[in-house]
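Reading through the structure tokens given below for one structure.
FYI, it's all coordinate maths here, none of it is from the lab. In this text, all values refer to a predicted model and were calculated from it rather than measured experimentally. As a convention, Cβ positions derive from the backbone with ideal geometry for all residues, glycine included, and neighbour counts pool all protein chains shown.
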Amino acid sequence: SSRLKGSLVEHRLCTTIALASILKQQGQEKIFEADLAWMGDSRIYFLSPTKGLQQLTKDDLVTSKDALEMLRQDPPMSQYLTADINPRWQIRFQHYRFEEMGCFLACTDGCFQYFSAPWEFEKLLLDTLSQSEGEKMDNNNWKQLIEQKYIEIKQDDVSLILYPVGFNGIKHLKSSYQERLQY
């Protein structure tokens, strides 16, 4: 018997999507345009060094819930991709402009849904960044530290793409988030 649970089990070949196209404005070092597309409960976030983790997409749910309610219950989705797709399906689109450096994240619900509070997802990201070692982006172990944390706590599949923009290397990235981590 399948160990899969939740509202998607009864449908064939189900998935959710969260996509971002991120462009740096010509001649502007810290201005980024982001075009987002999503369906379901996979999300796109922006992690700002000053404002913290900001959810940019809105989950497609049958009933709307706030972030704390979402942690206590797993409301059914109103939209998702499936082989048996609803004829009235639609992908949602949104455009954002950011005038600061930061990190874009595209992730599945397994990344954020099983924490006791929404800010604990941000804390996991900032703690692992702070603890990471390696002088260059390509030899820094931040990715491995995040993977290890999810191996310890995960209750669902986890997919996470993290894309830093506007930083001058890993030292700059780490130092930019120190004050936010302390907060």
Item to check | For region 88-105, 3J(HN,Hα) per residue [Karplus equation, 6.51 cos²θ - 1.76 cosθ + 1.60, θ = phi - 60°, Hz, x = Gly/Pro] | outcome: 9, 5, 7, 8, 8, 10, 8, 10, 10, 10, 10, 10, 7, 6, x, 10, 8, 10
Checklist outcome for this item: From the cross-link list LYS30/LYS154; LYS58/LYS136; LYS24/LYS154; LYS51/LYS171; LYS58/LYS171; LYS149/LYS174, the entries with a Cα-Cα span beyond 26 Å are LYS30/LYS154; LYS58/LYS136; LYS24/LYS154; LYS58/LYS171
Checklist outcome for this item: At R0 = 30 Å the Cβ-Cβ FRET efficiency linking GLN26 and GLN90, nearest 0.05, sits at 0.40
Next on the checklist: Quick check: pseudo-label points 7 Å beyond the Cα along Cα→Cβ at SER175 and LYS58, how many nm apart are they?
Outcome noted: 4.0 nm
Checklist entry - If we count every other residue with Cβ under 14 angstrom of LYS30's Cβ, Lys/Arg +1 and Asp/Glu -1, where does the sum land? => result -2
Checklist outcome for this item: Length gained if ASP157 through LYS136 is fully extended, taking 0.36 nm per residue and subtracting the Cα-Cα distance, is 4.7 nm
Checklist entry - Net charge near LYS171, counting Lys/Arg +1 and Asp/Glu -1 over other residues with Cβ under 13 Å of its Cβ? => result 0
Checklist entry - In nm, to one decimal, how far is the GLN144 label point from the LYS51 one, both placed 7 Å along Cα→Cβ? => result 3.5 nm
Next on the checklist: Could you compute the net charge surrounding THR108? Neighbours are other residues with a C-beta less than 9 Å from the C-beta of THR108; K and R count +1, D and E count -1.
Outcome noted: -3
